[in-house]
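Take a look at the structure below.
Nothing in this text is a laboratory measurement; each read-out follows from the coordinates by a stated rule. Computed from a predicted structure; not experimentally measured. Counting neighbours? That spans all protein chains shown, and the Cβs are built from the backbone with ideal geometry, glycine included.
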Amino acid sequence: MKFLMENGLELVSRNFRTPDGEIDLVMFSHGQLIFVEVKTRKNSEFSLPEEAVTDEKIEHLVAAAEWFLQQNPMYDDNWRIDVISIIGVPGSSTPQIEWFENVS
C-alpha cells in the first residue's frame, strides 16, 4: 500500500470482502477506482507472484469490483484492476515490486 500511495494513489478500502471474494486494496487516482490484487512470494524459485492471478481469479475480482460499486454508489463506473507483484521477505532487503495495470 505504501508503494501505491508513494505513486499518488489514495486508499479507499483494504480487505473488502464480498460474496465473490476479497479485494486486497481499493485505491483512487485521477477520478478512477483501482482494485488491487497483491501477490507476494519470498523468492521466484517456483513461480512469479503475478502468475497466481489466473483468468478465474480475474473473473472473481471483476465480480467483487462490481459488488463494491453497488455498495458504494458515490463512485462512478470508471475503474480498473491492477496487480502488485512483490518478491522478498518483509523486514529484509528492499523487495522487488512490479505493478501490472489494467489486467482485466
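A few comments on the model shown:
- Nearest-ten-degree value, helix 55-71 long axis tilted from longest Cα axis of the chain: 40 degrees
- Summing charges over all other residues whose Cβ lies under 14 Å from the Cβ of residue 87, with Lys and Arg as +1 and Asp and Glu as -1, gives -1.
- For 20, 55, order by how many other beta-carbon atoms lie within 10 Å, fewest first: 55, 20
- Its DSSP H runs of at least 4 residues, each contributing -39,500 (n - 2.57), put the calculated 222 nm mean residue ellipticity of the chain at -6500 deg cm²/dmol, to the nearest 500.
- Reach of residue 42 by Cα under 18 Å, taken over aspartates and glutamates that are not fewer than 8 positions away in the same chain: 50, 51, 98
- Remark on residue 18: its backbone amide H falls under 5 Å from those of 23, a criterion applied only to residues 5 or more positions apart or on other chains, H modelled at 1.01 Å from N.
- Cross-link partners of residue 2 among aspartates and glutamates (Cα-Cα below 13 Å; sequence separation of 8 or more within a chain): 10
- Within the shell of other residues whose beta carbon sits under 10 angstrom from the beta carbon of residue 16, the net charge comes to 0, with Lys and Arg scored +1 and Asp and Glu -1.
- Ranked by the mean number of other Cβ atoms within 10 Å of their residues, highest first, the peptides 3-15, 27-39 fall in the order 27-39, 3-15.
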